[in-house]
1. Out of all the residues in the stretch 30-44, is one or more more than 26 Å from Lys16 (Cβ to Cβ) and loosely packed, with under 10 Cβ neighbours inside 10 Å?
2. Kindly indicate which of Leu69, Leu133 is in a helix (DSSP H, G or I), of a type in the set (A, V, I, L, M), within 29 Å of Cys20 (Cβ to Cβ) and open to solvent by 80 Å² or more (accessible area, probe 1.4 Å).
3. Find all pairs meeting these conditions: Cβ atoms under 6 angstrom apart; at least six residues apart or on different chains; first residue within the stretch 36-49 and over 15 Å from Glu26 (Cα atoms); second residue surrounded by 14 or more Cβ atoms within 10 Å (Cβ to Cβ).
Amino acid sequence: FEDMMSTGEGIEHLRKPVFCTIHAVESIKYFCSSCLVPACGECIQKSHSSPEHIVRQLTEAVGAKKETLAEFTKECGKKLVECQKVNGSLNAAFEDLEMQKDNTKGSIEETFQSYKALLEDIRDNYLKEADDLHGKRELCL
């Protein structure tokens, strides 16, 4: 199978018989579900005896795998839609959080500037008061 994929000759290779790597003259006609390997008739008789292994015709196993893959693909599609919805919600929540952060930062900065201006006014008043008091005491001396 890897050879077929590496040559890039497409699906036409899939229609040709595939021969067993152990018994070169035997084509692969079975699939051992217990071992998860394709097998020829000789492999089934020698290595994959029926009581110990679940053996199916290759076409039957491929059909079952196709059905499983189709179900899995459908399920993945549903989960993808759910993930996209959640992603959209998370993006909206993130944007809201960023906006809240910016608003909070602005409020903090504004409050700071207000307090700073108020403290500067109080400082200026105390400095003026101290200068006035100093001037009066100088006159007394």
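The values are calculated or read from the model by the stated rules, or taken from the named source; none is laboratory data. In this text the structure is predicted, and so the values were computed from the model without any measurement. Virtual Cβ from ideal backbone geometry, glycine too; neighbours counted across all protein chains shown. Please note that ligands, DNA and RNA were not included when accessible areas were found on the heavy atoms of the full protein model with its side chains. Shrake-Rupley method; radii C 1.70, N 1.55, O 1.52, S 1.80 Å.
1. Step one: filter the stretch 30-44 for residues more than 26 Å from Lys16 (Cβ to Cβ), giving 34.
When the remaining residues are screened for being loosely packed, with under 10 Cβ neighbours inside 10 Å, the result is none.
No, every residue in the stretch 30-44 fails to be more than 26 Å from Lys16 (Cβ to Cβ) and loosely packed, with under 10 Cβ neighbours inside 10 Å.
2. On the way: Leu133 fails: within 29 Å of Cys20 (Cβ to Cβ).
So the residue among Leu69, Leu133 that is in a helix (DSSP H, G or I), of a type in the set (A, V, I, L, M), within 29 Å of Cys20 (Cβ to Cβ) and open to solvent by 80 Å² or more (accessible area, probe 1.4 Å) is Leu69.
3. Listed pairs, sorted by first residue: His48/Cys32; His48/Ala39; His48/Val55.
To keep it simple, each residue is scored yes or no on (1) closer than 30 Å to Ser33 by Cβ; (2) touching a residue at least 40 places away in the same chain (Cβ under 8 Å); (3) within 18 Å of the chain's Cα centre (by Cα); (4) open to solvent by 70 Å² or more (accessible area, probe 1.4 Å).
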| position | (1), (2), (3), (4) |
| --- | --- |
| Glu52 | yes, no, no, yes |
| Leu58 | yes, no, no, no |
| Ala61 | yes, no, no, no |
| Gly88 | no, no, yes, no |
| Asn91 | no, no, yes, yes |
| Glu95 | no, no, no, yes |
